[in-house]
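Working notes, structure below.
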Amino acid sequence: MLLLKLYLAFLKIGTFGFGGGYAMLPLIQKEIVDNNAWLSQTDFMDIIGISQMTPGPIAINAATFVGYKTGGIIGSVLSTLGVVTTSFILISFANYFFNKFKNSKILAHALKGMRPALIGLIISVFITLSYESYRDLNSLIIA
């Protein structure tokens, strides 16, 4: 029963954890520490530290370590699968429809129309981060 609960908890986290990575940590904490009490706050913080040091997305690493700590190797596998299931399904559907309509002129025009918006979003993030990181002339030169 614990293994099923682990999978379902991380499926919920993977489904509703918008923003990925660090944005998912409060949801993971609420589900793992507060709702199910599988880990103490100290254990959770240790797992986050380990997840930050290991390569890969922090949410997947955290799911792997939490699953291992609470359910062993099988718990680790199920937790990791739970957190990636929704993304895998959505990407599979997107891939199917993209391949089905890849020769469509409408899709080509839509993707071409998205380019300026994407460039605008990237410039917006650059400007926002620039303002936040600018301290003085030296920091601007180093950046």
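Here the Gaussian network model covers the chain, with springs between Cα atoms less than 10 Å apart; of A117, A94, A62, A117 fluctuates the most. Seen against the Cα atoms of the chain and their longest principal axis, helix 58-101 is set at about 30 degrees.
Rounded to whole numbers, the Karplus 3J(HN,Hα) couplings from phi for segment 27-33 are 5, 5, 4, 4, 6, 8, 8 Hz, using 6.51 cos²θ - 1.76 cosθ + 1.60 with θ = phi - 60°, and x at Gly and Pro. Here's the list of lysines a cross-link from K100 could span, going by alpha-carbon distance under 24 Å and ignoring same-chain residues fewer than 8 apart: K112.
With the cut-off at 1.5 for a/c, could you classify segment 37-143 from its C-alpha gyration tensor as rounded, prolate or oblate? Verdict is oblate for segment 37-143.
Put in line by how crowded their Cβ is, counting other Cβ atoms within 10 Å and starting with the fewest, D46, D34 read D34, D46. Paramagnetic label reach from K30 (point 7 Å along Cα→Cβ; backbone nitrogen cut-off under 19 Å): within segment 1-20, residues 6-20. Toward the positive end of the charge dipole of the chain, with +1 on the Cβ of Lys and Arg and -1 on the Cβ of Asp and Glu, the farthest Cα among I119, G21, N95 is that of N95. Its Cα centre serving as origin, the chain has a Cβ charge dipole (Lys and Arg +1, Asp and Glu -1) of approximately 800 debye. Normalising the average separation of contacting C-alpha pairs (under 8 angstrom, six or more residues apart) by the number of residues puts the relative contact order of the chain at 25 percent.
Each reported figure results from applying straightforward, stated rules to the coordinates on display, with no laboratory input. These numbers were taken from a predicted model, which means no experiment stands behind them. Here the Cβ is made from the backbone with ideal geometry for all residues, glycine too, and neighbour counts use every protein chain on show.
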